[in-house]
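Here is the structure we will look at.
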There are 4 protein chains.
Amino acid sequence: MSHNSFGHLFRVTTFGESHGPALGAVVDGCPPRIPLTAEEIQVFLDKRKPGQSRFTTQRREDDAVKILSGVFTDDAGRQVTTGAPIALMIDNTDQRSKDYAEIAQKYRPGHADYVYDAKYGIRDYRGGGRSSARETAARVAAGAVARKVVAGVTIRGALVQMGPHKIDRARFDWAEVDKNPFFCPDKIAAAHWESYLDEIRKSGSSVGAVIELEATGVPVGWGAPIYGKLDADLALALMSINAVKGVEIGAGFEAAALTGEENADEMRKGPSFLSNHAGGILGGLSTGQPVVARFAVKPTSSILTPRKTIDRAGEETEIVTKGRHDPCVGIRAVPVGEAMMACVLADHFLRHRGQVG
Amino acid sequence: MSHNSFGHLFRVTTFGESHGPALGAVVDGCPPRIPLTAEEIQVFLDKRKPGQSRFTTQRREDDAVKILSGVFTDDAGRQVTTGAPIALMIDNTDQRSKDYAEIAQKYRPGHADYVYDAKYGIRDYRGGGRSSARETAARVAAGAVARKVVAGVTIRGALVQMGPHKIDRARFDWAEVDKNPFFCPDKIAAAHWESYLDEIRKSGSSVGAVIELEATGVPVGWGAPIYGKLDADLALALMSINAVKGVEIGAGFEAAALTGEENADEMRKGPSFLSNHAGGILGGLSTGQPVVARFAVKPTSSILTPRKTIDRAGEETEIVTKGRHDPCVGIRAVPVGEAMMACVLADHFLRHRGQVG
Amino acid sequence: MSHNSFGHLFRVTTFGESHGPALGAVVDGCPPRIPLTAEEIQVFLDKRKPGQSRFTTQRREDDAVKILSGVFTDDAGRQVTTGAPIALMIDNTDQRSKDYAEIAQKYRPGHADYVYDAKYGIRDYRGGGRSSARETAARVAAGAVARKVVAGVTIRGALVQMGPHKIDRARFDWAEVDKNPFFCPDKIAAAHWESYLDEIRKSGSSVGAVIELEATGVPVGWGAPIYGKLDADLALALMSINAVKGVEIGAGFEAAALTGEENADEMRKGPSFLSNHAGGILGGLSTGQPVVARFAVKPTSSILTPRKTIDRAGEETEIVTKGRHDPCVGIRAVPVGEAMMACVLADHFLRHRGQVG
Amino acid sequence: MSHNSFGHLFRVTTFGESHGPALGAVVDGCPPRIPLTAEEIQVFLDKRKPGQSRFTTQRREDDAVKILSGVFTDDAGRQVTTGAPIALMIDNTDQRSKDYAEIAQKYRPGHADYVYDAKYGIRDYRGGGRSSARETAARVAAGAVARKVVAGVTIRGALVQMGPHKIDRARFDWAEVDKNPFFCPDKIAAAHWESYLDEIRKSGSSVGAVIELEATGVPVGWGAPIYGKLDADLALALMSINAVKGVEIGAGFEAAALTGEENADEMRKGPSFLSNHAGGILGGLSTGQPVVARFAVKPTSSILTPRKTIDRAGEETEIVTKGRHDPCVGIRAVPVGEAMMACVLADHFLRHRGQVG
């Protein structure tokens, strides 16, 4: 079972609420003797960290990760994994004292408030509790460990659509991604998005996004039929991220409109492929081409416009979600998506090695 | 682990190859005292069965299912489940004697031939072996059992796009779905698709499709954060179907283009919702609204046009995939998608009952 | 979850009832390219098969196993595993027509009749249904596959105690095991047991037993802390066999009476050990010494002496269990125990390879 | 997979090493709205805590547990579970500065030193690292949560054998268990053990033990055939505790010496049973009688007598394990065994509710 765990041989269990004392992850099954420091993990947490530009929530969190277990100093003096579970902890420091009376009583549309109350009969309403996007910090920390497990694989992500505005794929340039606050690979789109999102932000509104992920260096054969397919596990992983409403691999939904001649990637010596509509996965197994996935993030549900809702007693009312929010939560989903892809690949690397040596 | 198993409390394990003696499924965890006969399962297998129109493969299979275990006669004389694993078996009868020399040696683009050989070093090439769409018969059989577990839930599917041609959503009518060979809910589109697909078929080509699934009657609260989300498990389930390249829930990829005001479904007394962009799932839990998912199926990779490829020795060559194939494999994916949704819901029903009573 | 599945990377799911049409197992995760024929599996089924001496049930079953999937002919013309799930099926042929009226209504003491009815509200009472020892045929078939996965390991078992009569360990000789109908490694004890068990059998009584298992050739390091320990998984595996009431590793319960000096196995170059109280397992990991486990089987509950019980209505009554039964079900538990040990080792071999390469 | 996780619906993942900054557990799947405070958990940790008598290690640890997540204040002002994962953390405070040079280089017989090095190529040798009995503190904390989940069940344990000295079962009195430092239910045995263990302790030796566990209040029907048996899961749970070498249920190994007449527990109206050789479990399901299990703990491997061993380079040497050790580690295994039984029962309660409602 896996309420709060992900993966099989590389297995991540996360815990923690938005305004509790801490959140974290336990990474189980990590191979031994992999150099690993908190600093290496911190790099990725810093990419996801709130408050880095005016386009992300102004909550101030250091997101400083501590490694509580599973590492030790080897004969060469390096801190390495031991094969024991790696517990990662991030203290919540900015639990701003605030009046929760309203969201304690009213259900915010688009949030999990109502369904949590209906299911559990109790809800940690402070900042969204367990359903807060803050949980994704634990994923990013775990993903940093996963990257070390598949050290030969390069995993990167980019925002390819903000609201209705898509990038121009002819201008796609990975080098641009770190040069703007949107992880946008298209310099011109990034400039446009800046003014667009400023407007959204100032109006108290929000907007969705599409993120594209790519993993290069994945050898042929990772994955497993029929329910352990690499693409199926990617779908599980990415759809499990807060606010994600769609996942696609390679040509994705556009494949529906193609003919068999257009879609099937022809092969040449190498082996090599003349195209990659498959997104690097056939029959659930990696082909050796880049693994390409995209996922859609809905607009942040916390907005300043009053919305109709009900309260815990079932009575009709309205709510305005004040507070510190991301106008486009999809931006910070980029490192989260990368982390999930890293976890899936680490798991499948170990599973592949287990079954076929 | 779950190479060939799906689900946790309602757990399905499938086995079998396209041209082996039989294929089947073991359904474990089914609650006891549910009336179940082979005939009830057969109804759904017949929907998926090949050879029912000129638009599906002409392979002739009875797809007659046998229940080998897990049922017994109760005091009222009905055949009911006992709580023991239900083994379902379907004999392969039409293992047409055929020359497999070509596909034994050459990799069909878009198929799993190359990756299976690369991973396992051995491949049952007859009709695609384990990676054949024939495996989905076992899923449909298991899904029929799942439907009985969630008897209050109605699960249905429809083809909403064939190739580039989408239905007109204003004409969406579930009553139309069984009146045409495409499971198309739009009468006018169905008529158009008939001539369109005939052309595709005659040219030896193929085309993709998008299927929409809906489950009504799902109560609020099924699902579980963070990695046991109902939508994440649906994504896993649907992406695990052969040839699927994308999955979305509710507004799906279109949610990316919406603002927060447009996307968040407002609530009224009942509780009721003023819209269903969420597709019936928030925070990974069902909201009580219809659960809506869509998935994209790529065009059948087996086509009559010669394609460039390599052989097992790595040498460049060409291949034409002769034989009996579906010009739009998405059509028969409709009952398969329904079955997977049923399995996910049965599993989450039991998991919900386990955790919260 | 794992109601009817066992193992993680080498995963066995069994199905079937004593008097249903068939029983079987699906073996998932088996590595590819391992030569495997039904005949090789049959050898182990024949060891467990009923009716081979007057000391086992006179039910006549061929126990002929069929491989339904997961194997294919390789380039060398051998039938080998493909990495796909291996479905194994054994038809039930001797479903003797018999009056089940009594056991349908009365609970046999020591059997699962009462608890199944209480839990499931329905019970396949024919020959014990799912709780029949017949289910172990499926385990033996799966175990035969497992042995091929750990081809370098030799797994064997022996009956070391029948009723109160233990073997003389000084006379322990593996070569004797196949020379008597009890899998007894002590020639003199075997002779004694023959007359002893004849008496038990003629009186309609039954008796328990202790089985010892040994695996040689297991390299150091299989297993995993803390809940994936090799000994813990052996305990799970052996305790899951019908009628087993105790499991021990190495010195087992006798270790309680030892001092630290006596118990801890000293090491010498090689590495080698000066003793094996640990039974080849320390900290949950194999040491490279023989893995030694024992398990206790209770006496067959089906006896000819009338026993007090209740019926389905809760009324007090008596029952005599007529029919074909083993006077010492522990005898046929020897190949079953071997099979379970083989499955555990195959699983841990793959898990070890997955985590540490 | 489950290297460091235990259970399915009630799922415990532990982490931490003996001399790392902290150890802990994440409890996933706990039902909501169960009152839970750190103080309630602390009660059980205090039972296990070292340094409480001269018969346990003199290491000084507060073992103060913190709840990091998964609880919230309900409308009645009580702290209750929310259904989210409950992270429990215990800081290591007494990481006594000490020279580890010897155990870093030499393998202590009976410990996991050699096998960890062989498997992982790296070993946290400080106090045994991950394989230290200190890990069991996390189990006890998780077990305290489990007890709340099965609030109607009473779980208790007692030491019934120390070294070769068994209690007199006629004097078995649960009221005595908390009146002596051994959890001994036999007042006279306890007095005898005191002088016996003093002698063992002073000589720098150690001794094993047998612990008996009993759960009353378990209703009929928990558990699941065939691999999800309640007894099999108890065996897994108890065998996973450090130093355990044997597990038995009910009559256990003594059942082997019984006849069918003696062993099968007859039934009377109620339903009730005339005996409990089954230890409250038949066919893997609870019978409604007390669930009775016993497990054997080997003598502490750390002793003052020099023992032959090898060093990391494979060279022969001797080692004396100085430091703070339990002369009979079985004593502190009592609360650990109780905790594991509680976890198994909580898991099976939820699994039972999931499958049969």
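What follows draws every value from the coordinates through simple rules; no lab data is involved. As the structure is a computational prediction, the values presented were derived from the model and not from experiment. Reconstructed Cβ throughout: ideal geometry from the backbone, glycine too, with neighbour counts over all protein chains shown.
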Compute the FRET efficiency between B:Glu40 and B:Lys179 as 1/(1 + (r/R0)^6), taking r as their Cβ-Cβ distance and R0 = 22 Å, and round to the nearest 0.05.
0.45
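What number, in percent, do you get for the relative contact order of chain C if the mean sequence gap of Cα pairs under 8 Å and at least 6 apart is divided by its residue count?
It comes to 22 percent, rounded to a whole number.
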Once you have a ≥ b ≥ c as the square roots of the Cα gyration tensor eigenvalues for segment B:175-226, tell me rounded if a/c is under 1.5, and otherwise prolate or oblate according to whether a/b is larger than b/c.
oblate
Exposure-ranked with fewest Cβ neighbours within 10 Å first, A:Thr13, D:Thr309 stand as D:Thr309, A:Thr13
Dipole of chain B, positive direction: furthest Cα of B:Met340, B:Ile41, B:Val320, with charges on the beta-carbon:
B:Val320
Across peptide C:341-348, what mean number of C-beta atoms from other chains lies inside 10 Å of a residue's C-beta?
0
How much of the pair distance distribution for chain B lies past 31 Å, counting alpha-carbon pairs only, in percent?
37
Label spacing, shortest first and in nm, from A:Arg171 to its equivalents in the remaining copies (7 angstrom along Cα→Cβ):
4.0, 8.9, 9.1
Here segment A:61-70 yields Karplus 3J(HN,Hα) values (6.51, -1.76, 1.60; θ = phi - 60°; whole Hz; Gly and Pro given as x) of 10, 5, 6, 7, 8, 10, 9, 8, 6, x
Can you give me the long-range amide H partners of A:Leu258? Hydrogens built in the peptide plane at 1.01 Å from N, cutoff under 5 Å, separation of 5 or more residues or another chain.
B:Gly208
Long-range amide H partners of C:Thr309 with built H, under 5 Å:
C:Thr317, C:Glu318, C:Ile319, D:Met267
Considering the options C:Phe253, C:Gly143, C:Asn276, tell which one lies farthest towards the positive end of the dipole of segment C:136-280, charges being +1 on Lys and Arg and -1 on Asp and Glu at the Cβ, about the Cα centre.
C:Gly143
Pull up the cross-link candidates among the lysines for C:Lys49, meaning alpha carbon to alpha carbon under 22 Å and not fewer than 8 places away within one chain.
C:Lys66, C:Lys98, C:Lys148, C:Lys179, C:Lys202, C:Lys298, C:Lys322
Magnitude of the Cβ-charge dipole of chain B, K/R +1 and D/E -1, about the Cα centre, nearest 20 debye?
420
Tell me, what HN-Hα J-couplings in whole Hz come from the Karplus equation 6.51 cos²θ - 1.76 cosθ + 1.60 at θ = phi - 60° for each residue of segment A:343-357, using x for Gly and Pro?
5, 4, 5, 4, 4, 6, 4, 5, 5, 4, 5, x, 7, 10, x
Please rank D:Met340, C:Met267, fewest neighbouring Cβ atoms within 10 Å first, as an exposure proxy.
C:Met267, D:Met340
Candidates C:Asp63, C:Asp99, C:Asp178, ranked by Gaussian network fluctuation over chain C, Cα under 10 Å, top entry:
C:Asp99
Determine the shape class of segment C:279-341: with a ≥ b ≥ c the square roots of the Cα gyration tensor eigenvalues, call it rounded for a/c under 1.5, and otherwise prolate if a/b is greater than b/c, oblate otherwise.
prolate
Ranked highest first by average number of other Cβ atoms within 10 Å, how do B:141-151, D:166-176 line up?
B:141-151, D:166-176
Taking chain D as a Gaussian network, where each spring joins two C-alpha atoms under 10 Å apart, which residue of D:Ala64, D:Ala87, D:Ala264 fluctuates the most?
D:Ala264
Ignore the peptide's own chain and count Cβ atoms of other chains within 10 Å of each Cβ in C:102-115; give me the average, rounded.
5
Taking the Cα centre of chain A as the origin and placing charges on Cβ (Lys, Arg +1; Asp, Glu -1), which of A:Val220, A:Pro290, A:Ser302 is farthest toward the positive end of the dipole?
A:Ser302
Rough spin-label spacing in nm, given labels placed 7 Å along Cα→Cβ, for D:Thr216 and C:Val320:
3.8
Once phi is turned into ³J(HN,Hα) by the Karplus curve 6.51 cos²θ - 1.76 cosθ + 1.60 with θ = phi - 60°, what whole-Hz value does each residue of segment B:221-235 show in order, with x for glycine and proline?
x, 6, x, 7, x, 10, 10, x, 5, 4, 5, 5, 5, 5, 4
Can you sort B:Thr136, A:Thr57 by how many other beta carbons sit within 10 Å, fewest first?
A:Thr57, B:Thr136
With +1 on the Cβ of every Lys and Arg and -1 on the Cβ of every Asp and Glu, and nothing else charged, how large is the dipole of the protein assembly as shown about its Cα centre, in debye rounded to the nearest 20?
0
Magnitude of the Cβ-charge dipole of segment B:13-80, K/R +1 and D/E -1, about the Cα centre, nearest 20 debye?
320
Evaluate peptide B:276-284: per residue, the Cβ atoms of other protein chains within 10 Å of its Cβ; return the mean as an integer.
6
Theoretical ellipticity at 222 nm over chain B - DSSP helices of four or more residues, -39500 (n - 2.57) apiece, nearest 500
-8000 deg cm²/dmol
Mind listing the long-range amide H neighbours of B:Val150? Cut-off is under 5 Å, sequence gap 5 or more, other chains count too, H placed in the peptide plane at 1.01 Å from N.
none
Pick from C:Val334, C:Val115, C:Val218: which is most flexible by mean-square fluctuation in a GNM of chain C where alpha carbon atoms under 10 Å apart are linked?
C:Val115
If the convex hull is drawn through the Cα atoms of the protein assembly as shown, its volume per residue in Å³:
163
P(r) of segment D:61-110 over all Cα-Cα pairs, binned every 10 Å from zero, in whole percent
20, 26, 23, 16, 12, 4
